1. Let me spell it out: the conditions are (1) surrounded by fewer than 16 Cβ atoms within 10 Å (Cβ to Cβ); (2) at pLDDT below 95; (3) more than 17 Å from LEU124 (Cβ to Cβ), and PRO61 meets all of them except one. Which number is the exception?
2. State yes or no: is ASP100 in contact with a Lys or Arg (Cβ under 9 Å, 6 or more places away or on another chain), under 20 Å from THR4 (Cα atoms) and surrounded by fewer than 13 Cβ atoms within 10 Å (Cβ to Cβ)?
3. Conditions first: (1) out of contact with any Phe, Trp or Tyr (no Cβ under 8 Å at 6 or more places or on another chain); (2) closer than 30 Å to ASP175 by Cβ; (3) not in a loop (DSSP other than H, G, I, E, B). ALA51 passes all but one, so which condition is the exception?
4. Of everything in the stretch 84-115, what is over 20 Å from ILE60 (Cα atoms) and touching a residue at least 60 places away in the same chain (Cβ under 8 Å)? Give them in sequence order.
5. Cβ-Cβ below 9 Å, separation at least six or inter-chain, first residue in the stretch 122-133 and over 10 Å from VAL41 (Cα atoms) and in contact (Cβ under 8 Å) with a residue 40 or more places away in the chain, second among the acidic types (Asp, Glu) and assigned to a strand (DSSP E or B): which pairs?
6. Just to check your reading of the model, which residue among ALA134, ALA167, ALA115, ALA130 is hydrophobic (A, V, I, L, M, F, W, C), at pLDDT 95 or above and touching a helix residue (DSSP H, G or I) at 6+ places or on another chain (Cβ under 8 Å)?
Amino acid sequence: MQSTSLRNQLLIAMPNLQDPNFSRTVTYICEHSDEGAMGIVINRPTELKVADVFKQMQIIPDTVSKNQTPVYVGGPVDEDRGFVLHTREHDWKSTLDVNDELSVTTSRDILEAMAHDKGPQKSLIALGYAGWVAGQLEEEILNNAWLSGPANNAILFDIPADQRWEASAKLLGVDLNLLSSESGHA
């Protein structure tokens, strides 16, 4: 039985993690149980903008200006499926509540609300997600591939994407630039 859930934690790639899907990433863990884990990478913006998603889904927004926010690569699984990580002000269809403040929604209704300025206060739209089978994430952590620490809404939504990796580690008092790419166990 699993003793510690990483739900609502930030998973920070260690400098030695060379997998191109996860090198220098920060992943927000939305679900973690004995069956596995699911998260959204929060620091890999794409050239695609929210306005492009609206256009593709034939949603006509009230304004165009704030729809220039980038869409993120959420992970290598189901890359054609959209996920909205957001603050919890409303109930949407197909929503996973991560905690009292944050949820992940996959239904069209949240995008329609966002297009009409009725969506969540803060959000991040991602294509795809990161997934691990039972025990896989725990093994990767034991092999020094990841650091984990508490989630922080400023890192999730406010800090520029290119600064989230280092900022997440600094919350733990870690300077990733000082870590060796070599790992070992005592």
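1. (1)
2. Yes, satisfied.
3. Single failed check for ALA51: (2).
4. LEU85, THR87, LEU96, VAL98, ASN99, LEU102, VAL104
5. GLY131/ASP78
6. Within the list ALA134, ALA167, ALA115, ALA130, the selection yields ALA167.
The values are calculated or read from the model by the stated rules, or taken from the named source; none is laboratory data. It should be emphasised that the depicted structure is a prediction, and the values quoted were computed from it without experimental measurement. Cβ: placed from backbone, ideal geometry, glycine included. Neighbour counts: every protein chain shown.
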